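Below is one structure; the comments refer to it alone.
The values are calculated or read from the model by the stated rules, or taken from the named source; none is laboratory data. None of these values were measured; they are calculated from a predicted model. Cβ coordinates were reconstructed from backbone atoms using ideal geometry, including for glycine residues, and neighbour counts include every protein chain displayed.
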Amino acid sequence: MSGPSTYQPQNPVMKWLEARLPIAGLVHSSFIAYPTPRNLNYWWTFGAILSMMLAVQIVTGIVLAMHYTPETTLAFDSVERIVRDVNYGWLLRNMHAAGASMFFIAVYVHMLRGLYYGSYKAPREVLWILGVIIYLLMMATGFMGYVLPWGQMSFWGATVITNLFSAFPYVGDSIVTLLWGGYSVGNPTLNRFFSLHYLLPFVIAGVVVLHVWALHVTGQNNPAGVEPKTEKDTVPFTPYATLKDVFGMSCFLVFYSWFIFYMPNYLGDADNYIPANPGVTPAHIVPEWYYLPFYAILRSIPNKLLGVVAMFGAILVLLFLPWLDSCKVRSSRYRPLAKKFFWGFVATCLLLGWLGAKPAEGIYTVLGRVFTFCYFAYFLIVLPVLSRVEKTLPLPNSIADDVLAKGKVGKAVAASIAVLFAFGVTLGGGSTAKAAEHEESPPSQDWTFAGPFGKYDRAQLQRGFKIYKEVCSNCHSLKLLQYRNLAEPGGPEFTLDQAKAIAAEAQIKDGPNDAGDMFERPGRIADTFKSPFPNEQAARAANGGAAPPDMSLLAKARSYPRGFPQFIFDLFTQFQEQGPNYIDALLQGYQDTPPEGFNLPDGSFYNKWYPGHSIKMPPPLQDGMVTYDDGTPQTLPQYAKDVASFLMWAAEPHLEARKRLGLQVMIFLIILSGLLYFTKRKVWANAH
Amino acid sequence: MKGLGIVTTQSSAEPTRRDFLYIATGAVAAVGAAAAVWPFVSQMNPDASTIAAGAPIEVDLTPIAQGQDIKVFWRGKPIYIMNRTPKQVEEAVKTPLSDLKDPETDQARTKAGHENWLVVTGICTHLGCIPIAHEGNYDGFFCPCHGSQYDSSGRIRQGPAPLNLPVPPYQFVSDSKIQIG
């Protein structure tokens with residue numbers, strides 16, 4: 001993207017075009033002939049990975065926007081319709097939701113790489129600042145995207161984040177009203193967030209072009225931090241860097257697919273499967289994981305305005321980094337002290353992230369302040385002082401020399417892995433002690449749908465449906481399901497005639513007819529499951545003031561914390577069955593006499609697993625209550641398990657398709673990554 | 001691809017084995033890219049709820065007097081149900097096929113025993129406007145957009161439209177009730 005191109009077209013058509021619009025020459029000089037340092041390691045592939053993620057987010061986002069409705073009463077359901085009814089809608093939604101997290105993982109690696117190797121130093125200051133601007137835009141885009149599904153966390157996240165602006169003196173309230181377009185977060189807010197969420201990725205793409213332009217003017221930094229001097233120091237971008245990048249992207253896709261197909265809800269919050277309710281705040285408001293360090297900084301300052309200033313300052317300080325660190329040596333490889341402090345800074349960020357997810361009380365507040373200080377001290381004290389006092393190691397004469405002295409790199413990698421491991425153990429030790437204080441969690445059951453090859457047990461789903469129909473449906477609705485779902489593959493798989501018969505048993509309100517009257521008719525399979533109450537007020541009135549929740553998403557909307565080391569293991573074992581475990585335990589968790597000293601309100605029942613233990617629902621199931629025709633024991637534990645399985649299916653009807661496609665995609669990507677690895681090695685064999 | 005691999009290893013020339021690796025990698029990547037496009041195309045097709053909502057509907061014919069018609073919607077398309085007068089039926093039956101642009105007998109477009117009932121999709125086969133019933137020169141339908149004229153059997157007689165108004169799938173469930181779809 002800089003300087004005249006060396007591109008010499010042979011084809012007459014290309015010659016003609018090149019004389020009028022030198023676009024092929026631009027591509028050639030930017031992505032083919034462009035000289036790239038030959039000692040770049042795999043941390044440098046994250047630039048390409050980020051470009052790929054931006055493209056994935058834009059493409060999946062445009063597709064999702066074709067089916068999404070930005071209106072407060074319809075938004076939540078429209079997302080569920082995408083997941084349930086649109087062809088491959090579940091895939092596109094998982095790609096987009098997990099994609100946001102992957103985007104941030106990649107950007108954090110990319111930023112830390114820049115920090116470690118001093119990629120922000122002269123002459124790359126503008127390149128770095130453009131990167132910080134992209135990061136800020138990403139944060140704004142990610143936040144507004146999270147609001148769109150209009151669940152509880154969407155709504156309350158929007159409320160809390162927009163209220164940050166109320167901290168500014170005099171104009172704060174006016175700014176917040178302006179952001180909302182009303183007196184509270186509401187339909188105008190959702191509409192403008194949708195509009196801006198669609199716009200900002202294209203702004204990001206524009207700034208990315210500037211970022212790449214600036215990169216190609218100054219050239220890439222490299223692990224040695226010395227500028228290329230001769231042609232021996234560089235290799236052409238294609239095929240060397242291209243293949244390395246594609247191999248990196250393919251490996252990253254394996255990691256990404258793990259979340260898309262096996263852990264789609266791991267990075268999200270269960271509360272966001274509850275539709276937004278402006279009257280009830282969830283017990284713990286937690287932002288998405290990628291904002292947690294900044295959230296921790298916000299909360300650690302006891303003054304509202306200063307907290308907001310500190311939070312924004314934590315990002316804005318990055319803009320001044322090129323001048324805060326004036327050390328002439330770029331790479332931390334040759335800065336023994338800076339390297340240690342860098343890893344300390346990484347640990348600080350991770351610990352702040354962990355604190356951001358914890359309640360703001362007791363020891364967490366104290367730790368939050370300590371690490372907030374560490375965060376700012378790194379930029380404002382450590383780096384300026386180090387750049388003046390640190391004795392740096394001798395730099396290699398050239399990049400070619402660096403490539404020859406390769407043994408040391410292995411040592412550096414081993415050292416960083418050791419640091420990470422040590423850090424993990426410390427953190428693990430610290431929070432196991434904490435996890436022990438937690439209340440007991442519901443026991444984990446064996447579910448047929450767990451794990452990478454999980455499938456629903458058809459007979460169990462049919463039994464679960466029977467319990468729903470005979471017991472649950474007297475009070476609970478199942479609004480996101482239609483009778484047709486009962487006959488669809490991957491579910492209870494009733495025959496079409498059975499589903500029609502089940503539908504016909506319900507009297508569905510329809511109309512108006514030609515005379516203008518509403519009338520009732522037998523249900524059809526395209527009808528939604530009939531709700532026991534006409535509206536929420538009626539449900540509330542009939543149930544002692546507590547409306548029975550809709551059960552469509554119950555199995556995904558209920559969860560419990562797993563504690564520190566466990567939640568990491570869960571990522572590998574694909575444990576996602578908190579919801580069914582909770583439902584199963586709740587149905588069996590009633591105790592006739594509450595424990596000593598527990599004050600049970602009138603009209604409530606004591607349940608061991610219900611949050612707060614006082615539940616308005618009387619024990620719904622007893623042994624022998626529902627007749628099973630297939631000889632399955634008619635006991636409460638069996639009922640609980642069957643209905644929990646049924647509700648899991650109701651919440652995730654395409655679970656089987658998801659896991660099946662996941663296996664195919666995983667096998668494919670691993671083969672592709674293997675082939676790319678060998679291809680890359682063959683190509684690079686010439687360069688070494 | 002397997003066969004190709006065997007051939008190249010037998011020739012045991014280093015450059016060809018390398019070429020094979022490049023071709024295999026490229027081919028696998030291309031297959032993956034092509035497969036990844038499919039969900040993005042498929043999502044444009046009607047979703048499951050739209051398909052389910054396109055189930056057959058029943059229409060009561062009793063309120064439609066002779067010489068009158070009603071318009072009902074099935075799968076988002078208007079369906080004309082016309083109770084034809086004996087004169088209209090006679091005209092439709094007597095028209096020689098040689099006069100027709102898209103030859104089709106009236107019998108083929110109605111149900112035996114219910115010849116007075118004409119059920120057609122009310123969408124002009126020219127460019128999709130809705131023809132007006134009981135207008136035009138043929139006692140049938142007239143499309144105001146570009147002047148196509150259909151007769152009392154919904155067959156194209158004049159104007160730019162190429163085909164007759166299509167007859168949707170339907171059947172009589174009783175003498176006074178039809179099921180469309």
(request) Select from the stretch A:462-497 the residues that are among the β-branched types (Val, Ile, Thr) and either within 14 Å of another protein chain (Cβ to nearest Cβ) or under 22 Å from A:Val83 (Cα atoms) (or both) and list them in ascending order. (result) none
(request) Test each condition in (1) more than 16 Å from the chain's Cα centre (by Cα); (2) under 18 Å from B:Glu115 (Cα atoms); (3) hydroxyl-bearing (Ser, Thr, Tyr) for B:Ser148 and report the one that comes out false. (result) (2)
(message) Tally up the residues in the stretch A:53-68 that are among the small types (Gly, Ala, Ser) and either surrounded by 19 or more Cβ atoms within 10 Å (Cβ to Cβ) or farther than 11 Å from A:Tyr198 by Cβ (or both), please.
(response) 2
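For (1) modelled with pLDDT of 95 or more; (2) under 30 Å from A:Ser154 (Cα atoms), each residue gets a yes or a no:
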| residue | (1), (2) |
| --- | --- |
| A:His216 | no, no |
| A:Phe261 | yes, yes |
| A:Gly268 | no, yes |
| A:Pro275 | yes, yes |
(request) Scan the stretch A:39-47 and give yes if some residue there is at pLDDT 95 or above, touching a Leu at 6+ places or on another chain (Cβ under 8 Å) and not small (Gly, Ala, Ser), otherwise no. (result) no
(request) Collect the residues in the stretch A:639-688 that are away from chain B (no Cβ under 14 Å), buried (at least 18 other Cβ atoms within 10 Å of the Cβ) and either modelled with pLDDT under 95 or out of contact with any helix residue (DSSP H, G or I) (no Cβ under 8 Å at 6 or more places or on another chain) (or both), keeping them in residue-number order. (result) A:Glu656
(message) For the stretch A:266-358, give me every one of the helices (runs of 4 or more DSSP H) that falls completely inside it and has 1 or more residues that are under 23 Å from the mean Cα position of the chain (by Cα) and of a type outside the set (Ser, Thr, Tyr).
(response) A:292-300, A:304-316, A:336-356
(message) I need the full set of residues from the stretch A:26-45 which are surrounded by 17 or more Cβ atoms within 10 Å (Cβ to Cβ) and either in a helix (DSSP H, G or I) or in contact with a Cys (Cβ under 6 Å, 6 or more places away or on another chain) (or both), in order please.
(response) A:His28, A:Ser29, A:Ser30, A:Trp44, A:Thr45
(request) For residues that are part of a helix (DSSP H, G or I) and in contact (Cβ under 8 Å) with a residue 40 or more places away in the chain, tally how many sit in the stretch A:644-688. (result) 28
(request) Being assigned to a loop (DSSP other than H, G, I, E, B) and in contact with a helix residue (DSSP H, G or I) (Cβ under 7 Å, 6 or more places away or on another chain) is the filter here, so list the residues in the stretch A:557-606 that pass it. (result) A:Arg558, A:Ser559, A:Tyr560, A:Arg562, A:Gly563, A:Gln574
(message) If I go through the stretch B:35-87 residue by residue, how many of them are touching a residue at least 60 places away in the same chain (Cβ under 8 Å) and polar (S, T, N, Q)?
(response) 1
(request) Scan the stretch A:122-129 and give yes if some residue there is closer than 22 Å to A:Pro275 by Cα and either within 20 Å of the chain's Cα centre (by Cα) or at pLDDT below 95 (or both), otherwise no. (result) no
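Every residue, every condition in (1) touching a strand residue (DSSP E or B) at 6+ places or on another chain (Cβ under 9 Å); (2) assigned to a helix (DSSP H, G or I); (3) buried (at least 17 other Cβ atoms within 10 Å of the Cβ), yes or no:
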| residue | (1), (2), (3) |
| --- | --- |
| A:Trp156 | no, yes, yes |
| A:Thr162 | no, yes, yes |
| A:Ser166 | no, yes, yes |
| A:Tyr170 | no, no, no |
| A:Asp173 | no, yes, no |
| A:Thr177 | no, yes, no |
| A:Ser184 | no, no, no |
| A:Pro188 | no, yes, no |
| A:Phe194 | no, yes, yes |
